[in-house]
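Trainee: Pasting in a structure now, in structure tokens, and then I'll have a few things to ask.
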Amino acid sequence: MNLFEHIKSQLKPIDVINHYSVPVERGQMILCPFHQERTPSLKLYDDHFYCFGCHATGDVITLTAGLLGLQPYEAAKRLSEDFAIRADRPPGKVKKPKKRPVQQLWQSNLSEYFYWLKHFKQTLAPSSPEDTPDPLFVKSCREISYIGYLLDCMDLNPEATMILMDSSGLNQKIAQELSLLDRREISA
Ligand SMILES: [Zn+2]
């Protein structure tokens, strides 16, 4: 394994984010270092990241490069120093058990949906009290706290949250809304 592969096998994006004290919001979202923004839209996954705003994506090394303003090679070197990772050393860290794929998908859908609600609440807010509010704004205001609550529940008790989301049909509803969003390519 070369240094790049070795780093990627040992570090998750969240490890790096915590190490460099980057604030993480609900649903594992951070402010994207690849574009200017006020609402965090970069989502951290176990092995990569994705920005819903500018579509930047990559691994833990790319992310570090963006955060610290380095070239990928410099970022890899920096990570190997900060986390004491050597190319020739076998992995020393005990790996956490992998999340089940279904849970990961649901959690990811939930965070993405939460991001959009927050985005619409901010960007579609009526500019004066006389304006008729955008239906998407109204919907976002109505749903956002419950979706945020579910995100927290997902962290604490994924099994129970998934049962709840399944029995209420919410999981399907969210997946459907997200596919509609994809097709509309909203950039408001
Ligand atoms: Zn971005």
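The values are calculated or read from the model by the stated rules, or taken from the named source; none is laboratory data. Since this is a predicted model, take the numbers as computed values, not measurements. No Cβ is skipped: glycine too gets one built from the backbone with ideal geometry, and neighbour counts run over all protein chains shown.
Quick grid of which residues meet (1) within 26 Å of VAL102 (Cβ to Cβ); (2) within 15 Å of the ligand (Cβ to nearest atom); (3) assigned to a loop (DSSP other than H, G, I, E, B):
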{"position": "GLU5", "(1), (2), (3)": "no, no, no"}
{"position": "SER9", "(1), (2), (3)": "yes, no, no"}
{"position": "GLY27", "(1), (2), (3)": "yes, no, yes"}
{"position": "GLN36", "(1), (2), (3)": "no, yes, yes"}
{"position": "LYS43", "(1), (2), (3)": "yes, yes, no"}
{"position": "ASP46", "(1), (2), (3)": "yes, no, yes"}
{"position": "ILE61", "(1), (2), (3)": "no, no, no"}
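Trainee: Restricting the search to segment 6-51, which residues are at pLDDT below 90 and acidic (Asp, Glu)?
Mentor: none
Trainee: Going by the conditions given, is ALA125 free of Cβ contacts under 8 Å to residues at least 12 places away in the same chain and more than 20 Å from MET29 (Cα to Cα)?
Mentor: On the way: free of Cβ contacts under 8 Å to residues at least 12 places away in the same chain: no; more than 20 Å from MET29 (Cα to Cα): yes.
For ALA125, the condition - free of Cβ contacts under 8 Å to residues at least 12 places away in the same chain and more than 20 Å from MET29 (Cα to Cα) - is not met.
Residue-by-condition table, conditions (1) more than 15 Å from the chain's Cα centre (by Cα); (2) among the polar types (S, T, N, Q); (3) closer than 20 Å to TYR115 by Cβ:
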residue: LEU3; (1), (2), (3): yes, no, no
residue: LYS8; (1), (2), (3): yes, no, no
residue: TYR20; (1), (2), (3): yes, no, no
residue: PRO33; (1), (2), (3): no, no, yes
residue: LEU44; (1), (2), (3): no, no, yes
residue: THR57; (1), (2), (3): no, yes, yes
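Conditions tested, residue by residue: (1) under 16 Å from ASN109 (Cα atoms); (2) in contact with a helix residue (DSSP H, G or I) (Cβ under 7 Å, 6 or more places away or on another chain).
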{"position": "PRO135", "(1), (2)": "no, no"}
{"position": "LYS139", "(1), (2)": "no, no"}
{"position": "TYR146", "(1), (2)": "yes, no"}
{"position": "TYR149", "(1), (2)": "yes, no"}
{"position": "CYS153", "(1), (2)": "yes, yes"}
{"position": "MET162", "(1), (2)": "yes, yes"}
{"position": "SER167", "(1), (2)": "no, no"}
{"position": "GLN172", "(1), (2)": "yes, no"}
{"position": "ALA175", "(1), (2)": "yes, yes"}
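Trainee: Which number in (1) modelled with pLDDT of 90 or more; (2) out of contact with any Lys or Arg (no Cβ under 6 Å at 6 or more places or on another chain); (3) part of a helix (DSSP H, G or I) marks the one condition that SER140 misses?
Mentor: Condition not satisfied by SER140: (2).
Trainee: Right, LEU170: surrounded by 13 or more Cβ atoms within 10 Å (Cβ to Cβ), over 19 Å from the mean Cα position of the chain (by Cα) and at pLDDT 90 or above or not?
Mentor: Yes: the conditions hold for LEU170.
Trainee: Here's another thing I want to ask about it. Restricting attention to segment 73-108, report how many residues are at pLDDT 90 or above and surrounded by 13 or more Cβ atoms within 10 Å (Cβ to Cβ).
Mentor: 9
Trainee: Can we say PRO126 is in contact with a helix residue (DSSP H, G or I) (Cβ under 8 Å, 6 or more places away or on another chain), in a loop (DSSP other than H, G, I, E, B) and at pLDDT 90 or above? Before you say what the answer is, go through the steps one by one.
Mentor: On the way: in contact with a helix residue (DSSP H, G or I) (Cβ under 8 Å, 6 or more places away or on another chain): yes; in a loop (DSSP other than H, G, I, E, B): yes; at pLDDT 90 or above: yes.
Yes, satisfied.
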